[in-house]
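Taking it in order: structure first as structure tokens, then the write-up.
Values quoted throughout were computed directly from the atomic coordinates according to the rules given, and no laboratory measurement underlies them. Keep in mind it's a predicted model, so treat the numbers as computed, not measured. Cβ placement follows ideal geometry from the backbone for every residue including glycine, while neighbour counts extend to all protein chains displayed.
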Amino acid sequence: MNPFSLKDKKIIITGASSGLGRACAILFSQLGAIIVLMGRDENRLIETRKNMLNPENHLIISLDLTILVDIEAHINEASSKLGTFDGIVHCAGISTTLPLRLINEDKLNTFFQTNVYSAIQICKILSKPKYMNEKGGSFVLISSVMGHVGEVGKTIYSLTKGALLAGAKSMALELAQKKIRVNCVSPGVIITPMTIAQPYNEREESLNLIKSYHPLGLGEPNDVANACVYLISDASKWVTGTNLMVDGGYTAK
């Protein structure tokens with residue numbers, strides 16, 4: 001048997017409307033998984049599903065993950081149609097470049113609600129016996145190199161991504177008794193719509209500087225999706241509470 005196979009595994013992927021979430025959804029479907037695609041934009045989720053293998057097998061759930069009280073109803077809806085789940089890849093998140101002097105309470109709340117609170121809430125709910133496969137499963141949270149190293153203007157983003165790294169370790173210990181593994185993936189700069197919208201793309205000099213931080217060049221969504229396959233699959237059944245750097249050498253310095 002192939003330990004990397006995802007055949008018949010039922011996986012929730014948040015942020016599946018674009019970028020890393022879309023790449024994971026498409027690749028996972030090719031490896032035999034049944035996917036619940038979660039995101040705000042239903043039309044973009046439909047576009048993702050069109051590019052997946054056997055699109056009729058996969059379920060779309062349109063929701064705002066920052067409305068924490070609504071998350072369980074959506075998971076319950078998905079479970080009523082598909083049964084119990086084998087894991088989640090939490091790709092939903094936002095990024096910004098923002099000087100310290102411009103950080104305020106509203107911006108802090110927005111970033112923590114989107115990047116941290118939603119992750120904790122969905123893991124808490126999904127870990128209930130009624131939603132998870134009795135054999136256990138895997139939770140994969142997308143962090144960032146900015147959770148490990150600093151950069152000018154990245155304070156608020158680094159705060160949230162570092163919080164995911166710390167929280168995953170404690171969740172891994174707490175959920176091990178349920179045979180649920182919890183790990184993070186920390187990408188460097190990946191060419192996605194979110195990163196294309198960053199200020200450094202506005203000037204060639206700034207973009208070249210970002211590229212120089214990555215000895216192997218900027219990444220592609222499938223570079224991260226491949227890593228997520230490993231952490232979701234049975235190939236990583238003895239891996240929990242850790243983080244996989246997928247950064248083109250960014251943090252090797």
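Annotation: amide H of residue 62 has no partner in the under-5 Å range at sequence separation 5 or more or interchain, hydrogens built in the peptide plane. Measuring against 30 Å, Cα to Cα, the residue pairs 50/179; 135/253; 81/237; 81/124; 7/130; 50/81 contain 50/179; 135/253 as the ones spanning a longer distance. Go ahead and set up a Gaussian network model of the chain, Cα springs under 10 Å, then flag whichever of 173, 141, 207 fluctuates most. Sorting by GNM fluctuation, first place goes to 207.
Shown here for region 1-95: chymotrypsin sites (Phe, Trp or Tyr not before Pro) in loop regions (DSSP other than H, G, I, E, B) with at most 16 other Cβ atoms within 10 Å, namely 4.
Of the three principal axes defined by the Cα atoms of region 10-246, the extents in descending order read 50, 36, 33 Å.
In this structure the amide hydrogen of residue 189, modeled in the peptide plane, comes within under 5 Å of the amide hydrogens of 219, none closer than 5 places in sequence on its chain. By the count of neighbouring beta-carbon atoms within 10 Å, fewest first, 100, 164, 216 end up ordered 100, 216, 164.
Its residue count N sets the reference 2.2 N^0.38 Å, and the alpha-carbon radius of gyration of region 80-212 equals 1.20 times that reference. For region 156-253, chymotrypsin sites (Phe, Trp or Tyr not before Pro) are listed when DSSP marks them as loop and at most 11 other Cβ atoms sit within 10 Å of their Cβ; the list is 238.
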